[in-house]
Structure formats: structure tokens, C-alpha cells
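All of the numbers you see were taken from the coordinates with simple rules; none came from a lab. Quantities reported herein were computed from a predicted structural model and do not represent experimental measurements. With ideal geometry, Cβ positions are generated from the backbone for all residues, glycine too; neighbour counts draw on all protein chains shown.
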Amino acid sequence: MTAPPRPETPRGARPVSGPPPIVVYLGVGVPVMGVGLLATTTGLLTAVRLFTALVAALCLLDPAAPARRFPAGRGANGLP
């Protein structure tokens, strides 16, 4: 018996894995594990409330970031 032939991949084909699965893992897995670890010491309800407060604080800080980053009247490329 011989091994079945391997399917050919087209030239320039990209690998299946890459940054998107890593970003999804970090964006979903890390907060879940963090809340789980925090829940072991504080309780689940308190851990979820603390995590929610942290996310809310980060959301409130984000709109102010562009104003600090660029001088008044200038865009990201430095031009008026």
C-alpha cells in the first residue's frame, strides 16, 4: 500500500494560522481566565463587577487618546 497523494496548494497560498487566531485567543481567553482567577479569591459576582469596571474605565479613556496624541489642528500625518 502507498500513502494517498497530498493535495497541492496553490502558489502563494498563505498559512491557515496567523495573527487572527492569536488575537481572538488574547481577546477572549485572557479576560475569561483573568476573571476566573480573580473569582477564586473574591467570588464570581465581585470578579465580574471588577472586570466590568475596568473595561468601562478603558472605554472612557479611549476617546481622549487622539486629542493627546496629535497637536491641535493636525492629523495623523502631521499636516493641517
Subject >> Neighbour net charge for residue 55 - beta-carbon separation under 14 angstrom, K R +1, D E -1 >> reply: 0
**OP:** For region 44-57, take each phi angle, set θ = phi - 60°, evaluate the Karplus expression 6.51 cos²θ - 1.76 cosθ + 1.60, and give the result in whole Hz per residue in order, putting x for glycine and proline.
**Re:** 5, 4, 5, 5, 5, 5, 5, 5, 5, 5, 5, 5, 4, 5
